[in-house]
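Here's the structure we're looking at; comments come further down.
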Amino acid sequence: MEVLILSFAAICLPLFPLSWFFNRVVASLPAGVAQALALIVLPQAGLDVLVLAPQPMEWPDSWRHYGMLWAIFTALFYSFRALSARDLGVWTRLLVTSGLALTWVGWLEGVRLATLHIFVLSWSLPAALLLLLAGVLIQRIGGAYLGLKGGLALMMPRMTASVTLSVLALAGTPIFPTFFVLLNYFWRLPIGIVPALLLLPFLWAWAVGRLFQNLLFGDYRGDVVADLEGGKAFFVGLALFASLFLSLYGKGVGL
């Protein structure tokens, strides 16, 4: 039973190799709202199931350290894969998988479950917004492929601002909750594990740079299309602004 519980949690809180099932489930859903909801619901369900698992503070230290390294390996693996992604939806799934894998580091370090729920939401929310925006791009320009049209910054400025802020929130940029989660890990982890974690911000920044270069900048190639509606752009901004309160709360509870 314990193996089944941990396996289900490793699917919902993607841990390699069971992370494959997480990505297949999300990818099999219709682009847009359905995929966005899956990114919100599945990781939270994984945390709820972990309540039934043996608590890691009772494990030998060596087991916990190996588990942390495996979680960081998963995060590095998917962040590296994001470098070659050619679709905004795929890029988002890979990067959120990278971030969510770090939930295991917090769990193995004994972080409170209520705090981990906030941590998971800090990754899921911007990723869900990006999948919603990818759905809009598919409807309006026929796809969300990086480099397919290019130059969205000039053609769709509200879409560009929404994508940019959501990407920065997902990639651990300062002021957003994911940044404080990562920063706290640097202080909590054993010194031998920290160098592996240090690679993550560089890979995330590299992946973000490639996405911006291929999707937002350059000359737009395609027909004139309507920009993201002001109401939808306001919703994205409001959701990301609300996530800043996760940063303030998270700093108070040890995120």
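A short reminder: the numbers here are calculations on the coordinates, not readings from a lab. Predicted model only: the values in this text are computed from it and were never measured. Every residue, glycine as well, gets a Cβ built from its backbone with ideal geometry; the counts of neighbours run over all protein chains shown.
General observations
- Kyte-Doolittle at least 0.0, axis length at least 27 Å by Cα - qualifying DSSP helices, the chain: 61-82, 113-141, 194-215, 230-253
- FRET efficiency, W63 to W206 (Cβ-Cβ, R0 22 Å, nearest 0.05): 0.10
- For the chain, the mean residue ellipticity at 222 nm estimated from helices alone is -24000 deg cm²/dmol, where every DSSP H run of n ≥ 4 contributes -39500 (n - 2.57) and the total is divided by all residues, rounded to the nearest 500.
- Inter-site label distance for L199 and L52 at 7 Å from Cα along Cβ, in nm: 3.5 nm
- The stretch 27-42 and the stretch 66-110 have Cα centres spaced 18 Å apart.
- One equal scatterer on each Cα of the chain, no solvent, Debye formula: the resulting log10 I(q)/I(0) at q = 0.16 Å⁻¹ is -1.14.
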